[in-house]
Amino acid sequence: MKKFLSGNEAFAEGIRLARPAIISAYPITPQTIVVERLSEMVECGSLRSEFIHVESEHSALSCAMGASAAGVRAFTATSSQGLLYMAECLYYASGGRFPIVMMNANRSTALPWNIYGDQRDSISQLDSGWIQAYAENAQESLDLALMSYYIAEKTSTPFMVNLDGFVLTHTYEEVDIPDEEQADKFLPPYETDNKLDLDDPKNMAFSAGPDYNYIFKFKEHQALLNAKKIIKKAEKDFAEIFGRKYSGLIENYKTEDAEFILITIGSIAGLCRKTVDKLRAEGRKVGVVRLRYLRPFPTAELVGSVKNAKAVGVPEKDISFGNEGTVFTNVNSALFQGKIAIPSYNFIGGLGGKNISHEDIENIFDLIENGAERVNFIGIEVE
């Protein structure tokens, strides 16, 4: 069935099909529509779930952890300051190996106060032990809602799906909604041994001193690395059931013979591809890599995509103040590990929802071809 949906509504449809037993909700712009739609689904009976109104984002994730510890599928959603408010709980969820799924509507962080989209909120939490994926459009948003539970539950790792605020969360497009039978075939009911059980008592959420703590952290790290193969398996099974194919951790566009490549995340990738088409028509060898996941980071895949390029540029809606964009830092680490000695340039833009235009992307290609400052701010002349 096809419907005309926003990214938020499409994601809510995917969660409905995943059938979480507990939804813990605290609204924050531009995430609110997700939990609004889910509340309507619970009210009308199309989703059998306990919808719990909590008093804060910290409580929302705490509630989801309690549900997961009881052995059921749990969901919550947040954005911006809400994600930062629940930051303490992010580490509890990953350390407790609770496969919670959370949707984050990417939004600028204060101050100045701003409700529009950039990616500083989620990127600030890359070290929290959660899988992080970045959707490009509404269809991928719905599909990631289903695949995120598949991947989280097979790795015992929580999963954060990120949608660009307003640009994706509130933009409408045609979306194909699977039927419930297909969804149940792909994602069967959740079963786990990592739960509170009176018949099989176990210690959960415990303390661990120096002799054991590092072992738990190593296993947590390994689970994220092992998620790479689970992501491939999830997409293979998904394609067989639903007929839609995804490309794993990254998505390449005309990179095979490209001399100059942009590496980016989220909804801006579509704009980059259209610019590539224009420049290709002019005879320029350019391409785009979209990082679909930032955790686990696709080091080997990225190296394979850019190894023959002359230079790369990383436009991103994020900055690590006093240094550079965090995506750029991760890209450079991958290039170094892959022994790829090519110039790389960072382009910071879109902060606070500032529009990035076709002309901006074309200018970025010009700059990486002709040489630029290592870190550049789109739309700002730095003396």
request  = Taking the residues in the stretch 248-266 that are crowded, with 23+ Cβ neighbours inside 10 Å and out of contact with any helix residue (DSSP H, G or I) (no Cβ under 7 Å at 6 or more places or on another chain) as candidates, determine which candidate is farthest from Lys233 (Cα to Cα).
outcome  = Ala258
query = Can you name every residue in the stretch 28-45 that is buried (at least 17 other Cβ atoms within 10 Å of the Cβ) and under 23 Å from the mean Cα position of the chain (by Cα)?
reply = Ile28, Thr29, Pro30, Gln31, Thr32, Ile33, Val34, Val35, Arg37, Leu38
request  = Tell me, please, whether a residue that is assigned to a strand (DSSP E or B), hydrophobic (A, V, I, L, M, F, W, C) and either closer than 20 Å to Asp127 by Cβ or touching a helix residue (DSSP H, G or I) at 6+ places or on another chain (Cβ under 7 Å) (or both) can be found in the stretch 349-368.
outcome  = no
key: Residues that are closer than 15 Å to Leu84 by Cα, touching a residue at least 24 places away in the same chain (Cβ under 8 Å) and surrounded by fewer than 24 Cβ atoms within 10 Å (Cβ to Cβ), drawn from the stretch 101-119   = Thr109, Ala110, Asn114, Ile115
task = Inspect all residues belonging to the stretch 221-233 and state whether any of them is without any contact (Cβ under 8 Å) to a residue 60 or more places away in the chain, over 26 Å from the mean Cα position of the chain (by Cα), surrounded by fewer than 12 Cβ atoms within 10 Å (Cβ to Cβ) and outside the structural domain of Ser305 (by TED's automatic domain parsing).
result = no
remark   = Within the stretch 324-340, restricting to residues that are part of a loop (DSSP other than H, G, I, E, B) and out of contact with any helix residue (DSSP H, G or I) (no Cβ under 8 Å at 6 or more places or on another chain), the one that is nearest to Gln125 (Cα to Cα) is Gly325
query = Val289 is checked against (1) under 21 Å from Asn252 (Cα atoms); (2) free of Cβ contacts under 8 Å to residues at least 24 places away in the same chain; (3) within 22 Å of the chain's Cα centre (by Cα) and fails just one. What number does that condition carry?
reply = (2)
inquiry  = Being farther than 22 Å from Lys154 by Cα, of a type in the set (Lys, Arg) and surrounded by fewer than 18 Cβ atoms within 10 Å (Cβ to Cβ) is the requirement here; does Arg48 meet it?
reply    = yes
remark   = Scanning the stretch 328-350 residue by residue, those surrounded by fewer than 20 Cβ atoms within 10 Å (Cβ to Cβ) and under 29 Å from Trp113 (Cα atoms) turn out to be Thr329
inquiry  = Can you find a residue that is hydroxyl-bearing (Ser, Thr, Tyr) and within 20 Å of Ala135 (Cβ to Cβ) anywhere in the stretch 13-33?
reply    = yes
task = Kindly indicate which of Tyr91, Tyr150 is buried (at least 21 other Cβ atoms within 10 Å of the Cβ), assigned to a helix (DSSP H, G or I) and in contact with a helix residue (DSSP H, G or I) (Cβ under 7 Å, 6 or more places away or on another chain).
result = Tyr150
message = Every residue in the stretch 1-47 that is more than 13 Å from Thr76 (Cβ to Cβ) and in a strand (DSSP E or B), please.
response = Lys2, Lys3, Phe4, Leu5, Ser6
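The values are calculated or read from the model by the stated rules, or taken from the named source; none is laboratory data. Bear in mind the structure is a predicted one, so any value in this text is a computation, not a measurement. Please note: Cβ atoms are built from the backbone with ideal geometry, for glycine as well, and neighbour counts cover all protein chains shown.
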